[in-house]
Amino acid sequence: MAEDLLTQLKTMSTVVADTGDIDAIRRFAPTDATTNPSLILQAAQHEGRRERLAEIARQATDIDDALDAVAVEIGSEISGLVPGYVSTEVSARLSFDTEATLARARSLIERYERHGIGAERILIKIASTWEGIRAARQLEREGIHCNLTLLFSFAQAQACADAGVTLVSPFVGRILDWNREKWPDADFSGDNDPGVKSVKRIYEHYKGHGYKTIVMGASFRNTGEILALAGCDRLTISPALLSELAERQDRLERRLSPVDAETSPPEPQDEAEFRWAMNEDAMATEKLAEGIRKFADDQRKLEKLLGELRQG
């Protein structure tokens, strides 16, 4: 009898839980876990957690303090359930402010250390803007590991590799969404999926040139996208799709391998070249801006919830 797809996938790629749901993390036993404002908002609304979060919110000096305290509280709880990294995101509002991103990232690491969790366990999630990538370059030099998120283009991926970031999260499903909207009748199944193609190109370029940056496929719409990237360094997967993989028994073929990587010349770029490349890529520009707005919107909702808890 064949093993389930999730068990097989774990032999090829490091599986990361894309959730703040503690019960789901216990069930699927991922190596790492990643959170964002949307996932923290979901976790914060869990009835069993509200009393503790209300206590944290009331002790905070202001809403920003409460937001970071809650993120680190949930991240610390998750760190006890996974052996690897826990990702915690810097405020989306700081996506275009390098210095403010640096200050917030350092503050988050200090908070984790007060919880007894070392910097080696934490990935600071930062949007893949030029300013965010510059901040990540400095943080990595300080020994603070970074996860560059909302990554939709090769230009972003190249800039992240040049900056020496620990991990990038190229988004698969959101690239597919954009292309489906533009070309609703096109066949985007299997290897035709533009999000899958994007991750494959990044993976092969990194491996071909010996970049240490980890590639973690993210934002999946279906299990087909996940299976098409079997072998990618890491894959961050929602509980719903983890369940599907765990329930299916079939033979899984490895699709990505370092031995198949390309070796074309790298493409170093300065700020002007980066911004021009992004300007030329309508999909990446639109999805990056949309993603930042979405995270900021969920952050406002979380702020509202914590504000109510502070006053309760």
| remark: Listed by chain and number, the residues whose amide H is under 5 Å from that of residue 233, excluding neighbours fewer than 5 places away on the same chain and using placed H, are 215
| query | Dipole of the range 151-228, Cα-centred, from +1 at each Lys and Arg C-beta and -1 at each Asp and Glu C-beta, to the nearest 20 debye? | reply | 240 debye
| Spacing of the two label points (7 Å from each Cα toward its C-beta) at residue 138 and residue 303, in nm | 2.3 nm
| Two-decimal ratio, the range 11-169, of alpha-carbon radius of gyration to 2.2 N^0.38 Å | 1.00
| field | Rounded accessible area of residue 98 (nearest 10 Å², 1.4 Å probe) | value | 40 Å²
| task | May I ask for the longest run of the chain untouched by GluC sites (Glu not before Pro) that are loop-located per DSSP and have at most 14 neighbouring C-beta atoms (other than their own) within 10 Å? | result | 4-141
| remark: Note to self: with every protein chain in place and a 1.4 Å probe, the range 131-252 gives an accessible area per residue in Å² of 36 Å²
| note | Toy charge model, Lys and Arg Cβ at +1, Asp and Glu Cβ at -1: the chain dipole around Cα centroid in debye, rounded to 20, equals 420 debye
| request: Quote the charge dipole size of the range 1-79 about the Cα centre in Debye, to the nearest 20; the model charges only the Cβ of Lys and Arg (+1) and of Asp and Glu (-1). | output: 220 debye
| field | ³J(HN,Hα), Karplus 6.51/-1.76/1.60, whole Hz, each residue of the range 244-254, x for Gly, Pro | value | 4, 5, 5, 8, 9, 10, 6, 7, 9, 9, 5
| note | Scalar couplings 3J(HN,Hα) for the range 74-81 by Karplus 6.51 cos²θ - 1.76 cosθ + 1.60 (θ = phi - 60°), nearest whole Hz, x for Gly and Pro, are 5, x, 5, 5, 5, 4, x, 10
| field | Eligible aspartates and glutamates near residue 182 by straight Cα distance, threshold 15 Å, same-chain separation 8 or greater | value | 193, 281, 286
| task | Keeping all protein chains in position, work out how much accessible area residue 203 exposes to a 1.4 Å probe, and write it in Å² to the nearest 10. | result | 0 Å²
| field | Reach of residue 200 by Cα under 14 Å, taken over aspartates and glutamates that are not fewer than 8 positions away in the same chain | value | 191, 225, 233, 260, 262
| field | Amide H contacts of residue 89 (H built 1.01 Å from N, under 5 Å, at least 5 apart or other chain) | value | 125
| query | Where does the range 211-291 land on the Kirkwood hydrodynamic radius, alpha-carbon pairs, in angstrom? | reply | 15.7 Å
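How large is the convex hull of the Cα atoms of the chain per residue, expressed in Å³ as a whole number?
Numbers: hull volume 41.4 nm³, N = 312.
In the chain, the Cα convex hull volume per residue is 133 Å³.
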| Within a Gaussian network of the chain (alpha carbon springs, distance under 10 Å), most fluctuating of 224, 75, 20 | 224
| note | If one builds a Gaussian network model of the chain from Cα atoms under 10 Å apart, the most fluctuating residue listed among 207, 197, 182 is 182
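The values are calculated or read from the model by the stated rules, or taken from the named source; none is laboratory data. Here the structure is a predicted model, which means the values were calculated and not measured. Positions of Cβ are generated from backbone atoms using ideal geometry, with glycine treated the same way; all protein chains shown enter the neighbour counts. Keep in mind that these areas ignore ligands, DNA and RNA; they rest on the heavy atoms of the full protein, side chains included. Shrake-Rupley method; radii C 1.70, N 1.55, O 1.52, S 1.80 Å.
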